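Computed from the coordinates by the stated procedures, all read-outs in this text should not be read as laboratory data. Remember, predicted model here, so these are calculated numbers, not experimental data. Reconstructed Cβ throughout: ideal geometry from the backbone, glycine too, with neighbour counts over all protein chains shown.
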């Protein structure tokens, strides 16, 4: 399985290594560096790189490459999924998973990696269990530990590991019992030149933050569960109950977790909440190009479209852009040719627009393709698929929890071709 | 090698480690771990560190363990000092300490301690704590890699651990099995069913390993389910493997899937919903390799869902989809749009998506795909644009209807400004023209025109080759092109030069009048070229085409050699033969066999003995046995038990199941093997007490009630009201209702019928006759009603009142839906009493309604009366129906309002709809 792990930063330095079997020399990473050099963008590095004796499987998260060394046959997704889980755990522990965060917490990182893998095979990856084994560093605890000499490491085997609910730690106590659920839906869409939708899909997740005392047993039911076409669950969800009654019944882990991710069936028409009017043109022989962009709301069910961000990779021939936005700010990076316009909120009365000219390299021929526009936005209190949570009930505990549900719609991979 | 600064640091650290203060030691260890993490050498400190191995401080101890595991291999002698500490820790009462001691002990790669490790593993394998046993399973692999000679002993331990029923151990021991003895498939037989059943509850990583192992296992043990639907490519291959007589047997006997094969498919299916992408992929490959072809489609959605995940996940999943989509287009065609390329995708993702779109193309969707491709061709990512052009070429060859459209599109691209696009188009056009050259002289002419503007060598070479090959179609242009080339010959790239020589030779043979001199000039230039390939080729061509004394017989055939018709190249996917590797594996991704790859065997022609998997379990029910199950669930106690049980996990149920399995194992009795399809009936009387909230959920079976009412209208005098003596029903309907259909019940079907007999278990219960029949060909075991049936206090409680647990592994929720009338006991009373009671409205509510009846009701009397009492509480129910043609007046008197109104509604509908 996983032999060794190297963490490599954007500039190509190995800043952490961990071996689970005999030590593999870090020179094996040279093959990886070669691949990085060959790839023009960091994203283009192939995830699986064969070398004569090993195989390198890497994932890129927050500008850090996690390179796992494999020696024999293993499902590549197994390794990839695990590496992502490692990153998620680090994020959970340190807030972010950057080079600095890892370097600052080397010891905790090492202890975590030691617990997560044994002989290259995953041992404990459940955040609730890990947190019982190794307490996350907090400022207070660090201070206390340095004074008293106590440790971050738990002495007992987490009981969760052996129980029937391995994802939940035991002996949870809160004074305020609360359970919050966020229904977040993302619209993936490709809109063509004329504004018609080529493909649009809704992908949603329900993220939960559950802080409940004891062993609560929750059931969550939807007004319209038929909407959910394809779902994947946190292991805590009882699958049979869902199959039979379309009710989510589960003993939740403690803290934050992703309860469910779903896909809304592609048969349903997706309401596209934003339209883009564009006029980007380059004239043959002239060193000027015209750029006009107007955004407007469409099918938003009366909700405001917020945090709108437009970005576009302009053709290589563009030297500079001289634009004026009606609201928000825009930046254009002449090196990467990346235009981004932070629009903010769309006011239906006064539609935001970005107009102006682009200067082209003189003598260069007209770029033959118009750039695609990537859009980001947020709509609060709306689940665009129409999914609604009906009710949340708790069994098994006596107190009354505080319950809350929030809906949000975001742009996923939302592209407009021009 | 170490800098002086570093040495001094080392001295410091040593000092800190030798101090008495725990905190100082801990600090030192933290710094040392920091060094290890950076890849610095800290082996010098070994002696100082090892001393702390027995520290009381857990964190310090753990850090020392980290250090030990890292350096023990280099400092074997010193490492031995720590062994005794671990041996002591192996006996610690704390399971965490036992486990971690075993972990470290087995991770120290020192050959001398192999015997100690072996002993420790054997001991830990029988530990009470499943966590320690799991660690033992991990240790097996470590010991095996340290000393492969221990294999035999380790297999014994594996065998023992495979029998373990803990979900914690299952994944790890199968991993050990895969590493140590993947060929000992016989060890799996007895554990196969258990593994299948535990699978859902094993932790996700273990699931992946087990699924892969079971895939391999199933391919050796079951016969192919693919025979009936022979749409599949591989079936032609299959036919090759099956001998003649085999075939005949197949035809006579329809394929019946081994129930164990089915068990595996059924138990892995829910895992498609896992959040772990590796699990989903593992299940998908299992279905791909094992399921009947018509069941394969269920994996599509899940695979497409994974495409939303991280870039790296997408890459692997797309690769596997690419392989699948070659063989089975239909699977992914509805999801075609999910493979549309976005400009933000990474290059390798884009190419894979393109590959899949090409594979999915057929006559119906090709226009959509081509339109999409047009967008891609204009992409700023030129490498991607080039790949798109190749994809267009592929589509054009695969689907003959669009060949012309594609060609025209490609010709348009020839005037594109970008070199790579043009070059790629030329190359693809060349390949396409080879398939049908005669009709396309226009295109060749067009290309000749563009030739001067094309600079990419590969494209130039391709055009020249086309000119030469089809010079007869363009007799005027070809010599002119050759003339131009003669001028620029020296400046061309090697690949172009070779084609110039080729072109010259071909023209010389077909049109020597015009080109003789030109050819000689070019051959002279080639003769003195710097590149030896070109010199060689020139020499060869000269001898071949220009006849002289030395050239001999070959030159006679020059024309036939050079102008031979060439087979058109086959444009095929790079994923064409990837399916020789098991999907989802590293080997599949690399398209070359990785070390440790275990070949997936072909289906056996004849299934090996299936009884090897039988675990001996006593059957509680035999043919025709009547089993009496009594589930008393009074309303209050029922809700209490349900609330207490709802907190306990459904998973615990499984544990209890497997426990009962062990109990049964003790008094074993070999199961008789039944070959023929056998049907057996088991009659079970289920006695349920039914309480009032129950009615809320009742749905009516109207007709029954109606008949029931009709037969009770004879009034016999029973004057005393207090006793409310129950009478026996005159008519008991034979109709039974479906409780569990045999399809949903996986072979078990259940029907229920209200017997309308007083219940022998208690006066407040309704008796119910349940008929269970087995429509499968094997015995079903241990059918019982699960105790934890109630699921909540709300309305749904009723749904689960009767839950049948059929076979050990399956559980079906069923619901019984009685009509209100079934819950009443008829009583006899005189007409006078009836009216008296009816008049006694103080305590009872009455409901009345006027109903128009569709058909005249032929009762002898105008008023029909029925008296009854509810079974559970014994409260009186009086129904009278007065007929005033065409209307009927229904009066119902009862204390139970809810029931009354339901009864009223039912009687009403019954009268309206059906009549008597």
Check your understanding: Of all the C-alpha pairs in the stretch B:328-422, what % are more than 18 Å from each other?
Key -> 41
Check your understanding: Among A:341, A:242, which comes first, then next, by fewest other beta-carbon atoms within 10 Å?
Key -> A:242, A:341
Check your understanding: In degrees from 0 to 90, rounded to the nearest 10, what is the angle of the helix A:139-148 Cα long axis to the longest principal axis of chain A?
Key -> 30
**Study point:** Kirkwood Rh and Cα Rg combined as Rg/Rh, the stretch B:372-421
**Key:** 0.96
Revision key, fill the gap. Restricted to chain A, the DSSP antiparallel beta bridge percent, nearest 5, is 90
Point to revise | Label zone at residue A:170, where the point sits 7 Å out along the Cα-to-Cβ direction: the stretch B:174-214 residues whose backbone N lies under 18 Å | key: none
Review point. Which value, in Å to one decimal place, does the Kirkwood hydrodynamic radius take for the stretch B:34-124 when every pair of different Cα atoms is included?
Key: 13.3
Check your understanding: Tell me, in nm to one decimal, what length is gained between residue B:607 and residue B:476 on full extension, where the rule is 0.36 nm per residue of separation less the Cα-Cα distance?
Key -> 40.2 nm
Revision key, fill the gap. Ranked by GNM mean-square fluctuation in chain A (Cα springs under 10 Å), the top entry among A:292, A:41, A:201 is A:41
Practice item. Sort all Cα-Cα distances of the stretch A:2-148 into consecutive 5 angstrom bins from zero, then give the percent of pairs in each bin up to the one containing the longest distance. Key: 2, 9, 20, 22, 20, 13, 7, 4, 2, 1, 0
Check your understanding: What is the fewest-to-most order of A:167, B:288 by other Cβ atoms lying within 10 Å of their Cβ?
Key -> A:167, B:288
Practice item. Within 10 Å of each residue's Cβ, count the other Cβ atoms and sort A:169, B:483 from fewest upward. Key: B:483, A:169
Practice item. Please give the FRET efficiency for residue B:417 paired with residue B:531, using the beta carbon to beta carbon distance and R0 = 25 Å, rounded to the nearest 0.05. Key: 0.20
Review point. So what are the stretch A:274-380's ellipsoid semi-axes, whole angstrom, largest first, if each one is the square root of 5 times an eigenvalue of the alpha-carbon gyration tensor?
Key: 28, 12, 11
Exercise for review: Report the extension gain between residue B:751 and residue B:592 in nm, rounded to one decimal, defined as 0.36 nm multiplied by the number of residues separating them, less their alpha carbon distance.
Suggested key: 51.7 nm
Practice item. Mind telling me which of A:66, A:78, A:222 comes out most flexible in a GNM of chain A, alpha-carbon contacts under 10 Å? Key: A:78
Review point. In a Debye calculation with equal point scatterers on the alpha-carbon sites of chain A and no solvent, what is log10 I(q)/I(0) at q = 0.12 Å⁻¹?
Key: -1.21
Exercise for review: Return, for the Cα atoms of the stretch B:465-578, the radius of gyration and Dmax in Å, separated by a comma.
Suggested key: 15.4, 53
Study note, to complete from the structure: One quarter of the C-alpha convex hull surface, i.e. the mean projected area of the stretch B:10-221 in nm², amounts to 12.4
Exercise for review: For an R0 of 30 angstrom, estimate the FRET efficiency from the Cβ-Cβ distance between residue B:20 and residue A:103 and round to the nearest 0.05.
Suggested key: 0.50
Practice item. Please find the FRET efficiency linking residue B:123 to residue A:38, where r is the Cβ-Cβ separation and R0 is fixed at 41 Å, and quote it to the nearest 0.05. Key: 0.20
Check your understanding: On average over all directions, what projected area in square nanometres does the stretch A:254-304 have, based on the convex hull of its Cα atoms?
Key -> 7.9
Practice item. May I ask you to compute the full-extension gain from residue B:563 to residue B:77, defined as 0.36 nm times their residue separation minus their alpha-carbon distance, rounded to one decimal in nm? Key: 167.3 nm
Revision key, fill the gap. Relative to chain A, whose Cα atoms define the longest principal axis, helix A:106-116 and its Cα axis are tilted in degrees, nearest 10, by 70
Practice item. Treat each spin label as a single point 7 Å out from the Cα along the C-beta direction, and report the residue A:72 to residue B:30 distance in nm. Key: 3.9
Revision key, fill the gap. Pseudo-spin-label distance residue B:364 to residue A:380, built 7 Å along Cα→Cβ, given in nm, is 4.6
Point to revise | Highest-fluctuation residue, A:25, A:385, A:281 considered, GNM on chain A with Cα pairs under 10 Å | key: A:25
